[in-house]
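Written out below as structure tokens is the structure these notes cover.
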Amino acid sequence: MTDDSTEMVSIVAADPDQPLPPGEQPEVLPLLPVRNTVLFPGVVLPVTVTRKKSIRLVRKAYKGNKLIGVVAQKNGQSDDPALADMYQVGTLARILKMLVLPDGNTTIIIQGQSRFRIEEEVQTTPYLTARVSYAPEAFPAKSSKSLKALVSSLKEAASRMLKLNPEIPQEAQVALDNIESPAFLTHFLSSNLNVEVSVKQQLLETNDGVERGTKLLELMLKEIQHLEIKREIHTKVHTDIDQQQRDYFLRQQIKVLQDELGFDGPEQDADKLRQRAKGKKWPEAVAKHFEKELDKLSRLNPQAAEYPISVNYVEYLLDLPWGEYTKDNFNLKRTQRILDQDHYGMEKVKARIIEYLAVLKLKNDLKAPILCLYGPPGVGKTSLGKSIAKALGRKYARLSLGGVRDEAEIRGHRKTYVGAMPGRIIAQIKKAGAANPVIVLDEIDKLASDFRGDPSSALLEVLDPEQNSTFTDNYLEVEYDLSRVLFIATANSLDTIQPALRDRMEIIDLTGYTLEEKSQIAKKHLWPKLLEEHGLGPKDASVSTAALQRVIDDYTRESGVRSLERKLGGLVRNVAKSKAMEESYPATLQPADVQRILGAPIFDRDQYQDNETAGVVTGLAWTSVGGDILFIESLLSRGRGKLTLSGQLGDVMKESAVTALSYLRSRADELDIDYRLFDQYDLHIHFPEGAVPKDGPSAGIAIFTSIASVFTQRKIRSHLAMTGEITLRGKVLPVGGIKEKILAARRAGIKDIILCPKNRKDIDEIAPHYLQGLTIHYADRVDDVLRVALLDEQVAHPMKLVVRDEAPAPLGPSVEVQ
């Protein structure tokens, strides 16, 4: 040990009865502080010295009279103790040998001579020295009966300790038998006693030898009792152990200790669990099952491997909220106010929640519906679930299903399996602490499946209002009522949801936000939230409506508001930096400030481009980030009737192009098109932005109009866009995503839109102010489309389509896709 702790058992000095005579005892001593030990007169100890002061002390003393004063520290953690940090009574010691180790430390072997008391400090550098006075041993000069009895008792107690403690070498008994001096006997036994330093110091400071021996005997008897109890425990444990049970050794020791301390057994544990179950409102079948499990638990050995499994299972049954429901808040006006405050728009979802609450208020036992909020990322589907929980006054829990591919995540594991756990549905209910929480099943369309089962099939029972009142988790083994739980699923796509699972949910479509809605959301929610997160207040900065629209138009292209929040965060961080650096910044950010902070615009929104070129038609498309306009360009060139498609198209759009061309060929006479042109000119249809994949049926009538325009060289109506599918008989079919497409048309400056009459119902669901400035034309057939789209006049620079009398043999229906 270091500075000053012993490294080996104390050994007896060669001649302990002959300390230094008083004339040779120095009055001023260099003091060596030691930790974790006390040196007694006559005892030999090895000490490793590491402190620089202590090394200088022992090396100088070893060259001189080899005498030092050894004093124990009061606080062993102190590295540079002062005189006040040491005990006032120490031991004069002689350095018998000094060894310098390779690591620079010094080890000395010292022998205690006599006790001293520190009187005053002499110096502190280069090491501590003090003036001392010596205390002689105070044993009776003649041996009395009481003294002999004390010495005999001490030796007997020491022999008993040697027998009970196998860690002490047997050579200590030989040294003990050779000790004749009563004083040295007490010093030797005190040095080897397993007690704290403060207790050893008390023995050293006791001048009366008989009193010191009495205290020592009392401490030794306590140590003997401790060793006897330890030996008894080892003996009891050893009787239960054989070669095959060696792995259970530590368990048996714990068992014996628990018996000695009076710890509760399995019967007491079962009684406590039964007391907890008295207030539970569970069904009778669950109560019987619980009693059966308790009876099984009381018969198990606490050391058996099944015992902790059974205890965890029973405690889990008790922790579940059986029949514990939070009271719903039926203040519908308050609910409407909360939903309006937290979310802008989403009128259909809010109306559905109000309807549910109204029926629940009247009937009070309505089974909770399974709502599925379907829409693009970032429109607030998940946060809407939290707002619904707040409005209803219910507990809220969220379950992320993205990437879940194990059926046990839903139904739980059998409790006989190693590491068995209940399903995540039951776990969330336990966490919520109520049997009627609002649970958001996030990303239900991203469930996966593998050899461990299909979690989407496991959800069929959970999300069926007719079945979930008797939902059985594999871990619980009893039925649990989920009918009062309000499940709200979220999904970005319905195509990947299992049809049977989708049939059990009420789909609520959340379309993307309009420019106006995004502006309101940014102004009312995002901007105040970002200011608070960045340590700013409402008075520190504001943003103008024009600046918000600039961010939305030029820096984000999404249906939701996540990218918008990130871009606004960049504006707020710039304001925070300017304020922290005490720089000037505008109090209200304008569009110019947006470009200065965020840089050049990221997106260039497609705007309608009026031109005099035949074959260029504007279509409307739906994307995962909202609606957008789509240009379709057709071009004729001398050839043999080959059709070329380019622009990274999917199969559906390729089929639409072939269908449109075939129908146009069949109506060539009515459109005053020479049929020979189809065999003498190659047709190339291109969809710009070729790096962006495109597919879907929405461009059918736009492709047909583009081909008709290029073959007739007639103008397309200005500021016109269209969407719809075409059949081989010329009928116009409805398509989806109408609201997103209408909003995209408004942003692009479109004034006229052609739709299928069956899409009228989608137009009726759009707020009237979004349709201002737009004229909707409904076309049942492509003839109606051409009547609206094609003008009678030709383009400014028409292409001269020359028909050759003897045309080469046509290639037939060949299509080339680039």
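The values are calculated or read from the model by the stated rules, or taken from the named source; none is laboratory data. The shown structure was predicted, so the numbers you read here are calculated from the model rather than taken from an experiment. No Cβ is skipped: glycine too gets one built from the backbone with ideal geometry, and neighbour counts run over all protein chains shown.
Which count do you get for residues in the stretch 275-288 that are in contact (Cβ under 8 Å) with a residue 12 or more places away in the chain, among the charged types (D, E, K, R) and over 10 Å from L318 (Cβ atoms)? Number satisfying all stated conditions: 1.
Results for (1) under 47 Å from the mean Cα position of the chain (by Cα); (2) without any contact (Cβ under 8 Å) to a residue 40 or more places away in the chain, shown as yes or no for each residue.
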residue	(1), (2)
L743	yes, no
C756	no, yes
Y778	no, yes
L790	no, no
V795	no, no
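Filter the stretch 268-311 for residues that are more than 27 Å from G433 (Cα to Cα) and of a type in the set (A, V, I, L, M); which is surrounded by the fewest Cβ atoms within 10 Å (Cβ to Cβ)? Applying the filter and picking the extreme gives A305.
When K278, K327, K272, K296 are checked against the criterion of being closer than 30 Å to A389 by Cβ and more than 30 Å from the chain's Cα centre (by Cα), a single residue qualifies: K327. Going through (1) more than 30 Å from the chain's Cα centre (by Cα); (2) assigned to a helix (DSSP H, G or I) one by one, P528 falls short only on (1).
Taking into account only those residues within the stretch 562-584 that are surrounded by 12 or more Cβ atoms within 10 Å (Cβ to Cβ) and farther than 15 Å from L531 by Cα, which is farthest from the chain's Cα centre (by Cα)? The extreme case among them is S563. Considering only residues that are surrounded by fewer than 15 Cβ atoms within 10 Å (Cβ to Cβ) and outside any loop (DSSP other than H, G, I, E, B), which ones fall in the stretch 444-478? Within the stretch 444-478, D450, S469, T470, T472 meet the criteria. Cβ separations smaller than 9 Å between residues 6+ apart or across chains give the following pairs from the stretch 74-99 residues that are among the charged types (D, E, K, R) to residues that are modelled with pLDDT under 85 and surrounded by 13 or more Cβ atoms within 10 Å (Cβ to Cβ): D79/D3; D85/S78; R94/L20.
Only residues that are within 28 Å of F487 (Cβ to Cβ) and in contact (Cβ under 8 Å) with a residue 60 or more places away in the chain were counted across the stretch 503-546, and they come to 13.
Could you check, for the stretch 58-77, whether at least one of its residues is within 56 Å of the chain's Cα centre (by Cα), among the polar types (S, T, N, Q) and modelled with pLDDT of 90 or more? Yes, that holds for at least one residue.
Taking the stretch 244-312 as the region of interest, the helices (runs of 4 or more DSSP H) fully inside it that hold 1 or more residues being modelled with pLDDT under 70 are 249-261, 266-277.
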